[in-house]
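The values are calculated or read from the model by the stated rules, or taken from the named source; none is laboratory data. None of these values were measured; they are calculated from a predicted model. A quick note on method: Cβ atoms are made from the backbone with ideal geometry, for glycine too, and the neighbour counts reach across all protein chains shown.
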Amino acid sequence: MNIAEQPQKIEVLYSDHHGWLYTWLRGKLGNAADAADLAHDTFIRVLSNSNNTALREPRGYLATIARGLMIDRFRRQTLENAYLEALASYPEPETISQENHAIIIETLLAIDSLLNALGPRTRQIFLLAQIEELNYVEIAKRMGVSLPTVKKHLVRAYTECLVLAAS
């Protein structure tokens, strides 16, 4: 397919399936505005994909992209709500600028993504060390693993944190 055909193909995909995608999203989300936003974001994602070859199942393709975007949106909302609840629990209300709020939410999303990428055992060991402030021996006892296993998983987790911090 040459470059001139690309916009026409996207236009056909949009005109043939946007209404269906919007209706499907509205049913999933229960909110017309959010459905419109996610339908728009789905087609933006399609446009940014340089490998738009002929699709045998365009609705399946669009639904897969939209599902991923819904998951991202729900994860973001969950993190943001947890952050706002934690902020509200402080005795003196803190005033945070919109910019700082956005930076905090983006940081929380990056941390959440990092933790999800670690794997269950590495994540649990890392959280025991960081959140519960357990030492290596205490973690090994609690999890029923050897001390070298704890060290190996913590090295993996700290390495991932360094990679995230460097990016």
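Return the residues of the range 62-93 that are without any contact (Cβ under 8 Å) to a residue 12 or more places away in the chain and under 20 Å from K28 (Cβ atoms); say none if nothing qualifies.
Residues satisfying the conditions are T64, R67, G68, I71, D72, F74, Q77, T78, N81.
Name the residues in the range 96-141 that are over 18 Å from A82 (Cα atoms), in contact (Cβ under 8 Å) with a residue 40 or more places away in the chain and crowded, with 16+ Cβ neighbours inside 10 Å, would you?
L118
Tell me which residues, restricted to the range 150-165, are of a type outside the set (K, R), out of contact with any Phe, Trp or Tyr (no Cβ under 8 Å at 6 or more places or on another chain) and modelled with pLDDT of 90 or more.
If the condition is that a residue be of a type outside the set (K, R), out of contact with any Phe, Trp or Tyr (no Cβ under 8 Å at 6 or more places or on another chain) and modelled with pLDDT of 90 or more, then V155 is the only one that fits.
Go through (1) under 23 Å from the mean Cα position of the chain (by Cα); (2) charged (D, E, K, R); (3) surrounded by fewer than 10 Cβ atoms within 10 Å (Cβ to Cβ) for R56 and report which single condition fails.
It is condition (1) that R56 fails.
Report whether or not D16 is touching a Pro at 6+ places or on another chain (Cβ under 9 Å) and outside the structural domain of L115 (by TED's automatic domain parsing).
yes
Limited to the range 142-157, what total is found for residues that are loosely packed, with under 13 Cβ neighbours inside 10 Å and on the phi < 0 side of the Ramachandran plot?
Qualifying residue count, the range 142-157: 4.
Just one of (1) under 21 Å from the mean Cα position of the chain (by Cα); (2) modelled with pLDDT under 90; (3) outside the structural domain of C161 (by TED's automatic domain parsing) trips up E106, so point out which.
Tallying (1) under 21 Å from the mean Cα position of the chain (by Cα); (2) modelled with pLDDT under 90; (3) outside the structural domain of C161 (by TED's automatic domain parsing), E106 fails exactly one: (3).
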